[in-house]
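Presented below is the structure to which this report refers.
Readers should treat all values here as calculations from the given coordinates under stated rules, not as data from a laboratory. Every value quoted in this text rests on a predicted model; they were computed, and no experiment measured them.
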C-alpha cells in the first residue's frame with residue numbers, strides 16, 4: 001500500500017509530511033475548521049472543557065478544572 005499523495009491533510013497529519021503542498025492543504029482545512037468552531041459560539045463557563053479547549057481562565061472554569069484533576073488523581077492513585 002502506498003502512502004497518501006502529497007497535498008492532502010491526511011499525509012500532513014498521518015505521515016507528518018511538511019512539504020509546501022501538504023502544509024497548504026492543512027492550512028486550508030484549518031481555516032474552514034476555525035470558522036465552523038467559531039459558529040458554535042463561546043465556551044460554556046464553569047466546565048473543564050472551557051478551561052482546556054477554549055483556554056478560558058475565569059474563576060468558574062479554573063475551579064472546574066481543579067476539581068476534575070483532583071478526581072482524576074484520586075482515581076489514578078487507587079488503581
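Worth pointing out:
- With contributions of -39500 (n - 2.57) from each DSSP H run of at least four residues, the per-residue ellipticity at 222 nm computed over the chain stands at -21000 deg cm²/dmol.
- The chain: relative contact order in percent, alpha carbon pairs under 8 Å with at least 6 residues between: 16
- Along each principal axis, Cα extent of the chain, largest first, Å: 45, 36, 16
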